[in-house]
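The values are calculated or read from the model by the stated rules, or taken from the named source; none is laboratory data. None of the values given here were measured: they were computed from a predicted structure. Here the Cβ positions follow ideal geometry from the backbone for every residue, glycine too, while neighbour counts run over all protein chains shown. The area values use the complete protein model at the heavy-atom level, side chains included, leaving out ligands, DNA and RNA. Shrake-Rupley method; radii C 1.70, N 1.55, O 1.52, S 1.80 Å.
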Amino acid sequence: MNDSKNEIENRKKDHLKIVCDEDVNYQGVSTGFEDYHFIHNALPEIDLKDVNVSTDFLGYQLNLPLMITSMGGGENQGKSLNRGLAKAANSEKVALGLGSIRPALDNPEAISSYAIAREYAPDIPIVANLGAAQLSSSLASKNLFKLLKDIGVDAISIHLNPLQEALQPEGNTSFKGVGRAIEILIDTISLPIIVKEVGFGLSVNVVKRLQKIGIEWVDIAGAGGTSWARIEEKRIKNKFYKKVAKEFFEWGIPTLQSLIDSVKIKGVKVIASGGIDTGLKFSKAIALGASLGGAAAPFLRVWKENDVEGIQELISIFKEALRLSLFCTGTKNISSFKGNTSIIERIGN
Ligand SMILES: Cc1cc2nc3c(=O)[nH]c(=O)nc-3n(C[C@H](O)[C@H](O)[C@H](O)COP(=O)(O)O)c2cc1C
């Protein structure tokens with residue numbers, strides 16, 4: 001990909017603006033969580049004050065099993081977003097994903113927009129991010145490894161986003177050899193690797209293939225929340241390609257489907273994201289077997305409205321909804337709540 005530095009930065013800026021100013025969520029496809037409900041337990045036999053929703057992730061203890069997933073970095077607004085997300089994630093003790101570090105690979109000036117996260121968040125896991133299509137070329141350079149060290153991350157996530165790249169006017173659609181590049185990364189890096197989508201979902205076959213090559217963590221990023229077909233359509237100028245993008249507005253594997261399929265695959269730990277914008281969807285994701293729940297755009301929007309406080313409040317709502325979900329299903333901690341089929345059921349079953 002031979003985008004200029006400015007092109008990448010402008011694209012990132014466009015994305016932040018479009019997600020805040022326009023309705024770019026799926027409209028016909030939903031996450032699927034509304035098909036499930038918790039089995040209310042009117043006789044829980046526990047004290048709410050004994051309910052504990054903390055969990056371990058990448059060697060840290062989190063106050064709740066939540067990750068703010070990849071968004072910011074690369075330019076001024078990305079830097080202030082990462083600062084805000086880091087402050088809030090650190091005070092509430094949740095995990096933080098950074099946006100793609102691609103801009104920093106090309107331009108050392110952009111490094112501070114990622115490194116700022118560790119500065120404001122010394123006590124939580126921070127995950128760097130890079131596109132699969134950019135991985136092969138980055139592996140050849142020593143920059144990647146130095147950069148990860150300089151930013152001070154605990155893990156790296158690799159995004160698989162073929163449809164987003166195909167719809168992007170300046171996208172990189174070369175996905176040949178991506179599986180092999182991930183294998184090489186596993187062999188050359190000592191950090192944990194998470195493979196994620198960006199909102200179109202990971203299928204059961206893709207997760208199985210990832211597990212076979214040695215990936216332990218996936219972030220399914222399913223359909224039902226942010227639609228990248230809708231976002232990119234807003235950026236496309238060419239009338240023909242605008243029409244093509246519209247064809248894909250409802251494309252993707254709903255988050256619930258991707259979650260249910262992925263948690264069945266042995267040896268894989270699942271981060272459930274994509275349209276998780278309420279505490280109850282978050283709670284259902286954990287009850288259905290996710291190790292963490294994740295969200296991106298909902299945190300961007302509250303940051304835009306109310307800065308760090310807005311993010312802290314949304315995290316607190318997720319935490320309280322989860323705590324009450326445990327209490328009202330008679331479960332005391334995450335290990336007895338996660339993947340517990342006796343507390344949640346499909347409506348109509
Ligand atoms: C403004 C914005 C920027 C994003 N940038 C990245 C990125 O750099 N790398 C990545 O893997 N995902 C990126 N994503 C995708 C999110 O991490 C997430 O997978 C997706 O938005 C679905 O979650 P949501 O429905 O909670 O927004 C971005 C999302 C948003 C809203």
*Rank L280, N238, A290 by how far each Cα sits towards the positive end of the charge dipole of region 192-290 (+1 on Lys, Arg Cβ; -1 on Asp, Glu Cβ) and give me just the farthest.*
N238
_Above-threshold pairs, the threshold being 32 Å between Cα atoms, out of K49/K79; K17/K212; K17/K93; K243/K266; K234/K264; K13/K266_ = K49/K79; K17/K212; K243/K266; K234/K264; K13/K266
*Quick one: grab the alpha carbon gyration tensor of region 211-349, order the square roots of its eigenvalues as a ≥ b ≥ c, and give me rounded if a/c is under 1.5, else prolate or oblate depending on whether a/b is larger than b/c.*
oblate
*Take region 25-346, compute every pairwise Cα distance, and split them into 10 Å bins from 0; I just need the percent in each bin.*
6, 27, 36, 23, 6, 1, 0
_Residue-normalised accessible area of region 65-208, given per residue in Å² at a 1.4 Å probe_ = 35 Å²
*Would you tell me the accessible area of D106, worked out with a 1.4 angstrom probe on the heavy atoms of the protein chains, in Å² to the nearest 10?*
90 Å²
*asked:* I'd like the accessible area for F327: 1.4 Å probe, protein heavy atoms, all chains in place, Å² to the nearest 10.
replied: 50 Å²
_Percent of Cα-Cα pairs more than 12 Å apart in region 31-87, please._
79 percent
*What are the lysines whose alpha-carbon lies under 16 Å from the alpha-carbon of K239, with same-chain residues fewer than 8 places away excluded?*
none
*I253's amide H: which non-local residues (gap 5+, or another chain) put their own amide H closer than 5 Å, with H modeled 1.01 Å from N in plane and none for Pro or chain starts?*
G201, A223
*List, in order, the whole-Hz ³J(HN,Hα) value for each residue of region 166-176 obtained from phi through the Karplus relation with A = 6.51, B = -1.76, C = 1.60 and θ = phi - 60°; use x for Gly and Pro.*
5, 8, 6, x, 10, x, 9, 9, 8, 9, 5
*If you take every DSSP beta bridge whose two residues both sit in region 25-346, what share of them, in percent to the nearest 5, is antiparallel?*
20 percent
*Sulfur and carbon atoms: percent of accessible area, region 206-349 [1.4 Å]*: 53 percent
*Accessible-area order (highest first, 1.4 angstrom probe) of the listed residues F240, F299*: F240, F299
_Separation of alpha-carbon centers, region 4-75 and region 179-215, rounded to whole Å_ = 21 Å
*Largest first, what is the accessible-area ranking of D154, D277, D56 with a 1.4 Å probe?*
D56, D277, D154
*Relative contact order, percent, of the chain when contacts are C-alpha pairs under 8 Å separated by at least 6 residues?*
23 percent
*Please report, for the Cα atoms of region 184-273, the Rg to one decimal and the Dmax as a whole number; what are they, in angstrom?*
15.4, 46
*Dipole magnitude of the chain about its Cα centre, charges +1 at Lys/Arg Cβ and -1 at Asp/Glu Cβ only, in debye to the nearest 20?*
700 debye
*Given region 279-349 reduced to its alpha-carbon atoms as identical point scatterers, what log10 I(q)/I(0) does the Debye formula return at q = 0.17, 0.25 Å⁻¹?*
-0.65, -1.06
*Dipole axis of the chain (+1 Lys, Arg; -1 Asp, Glu on Cβ), positive-most option in Q61, A132, A42*: A132
*So how exposed is S136, as accessible area in Å² (1.4 Å probe, rounded to 10)?*
60 Å²
*asked:* For the chain, what does the helix formula give at 222 nm: sum of -39500 (n - 2.57) over DSSP H segments with n ≥ 4, over the residue count, nearest 500 deg cm²/dmol?
replied: -14000 deg cm²/dmol
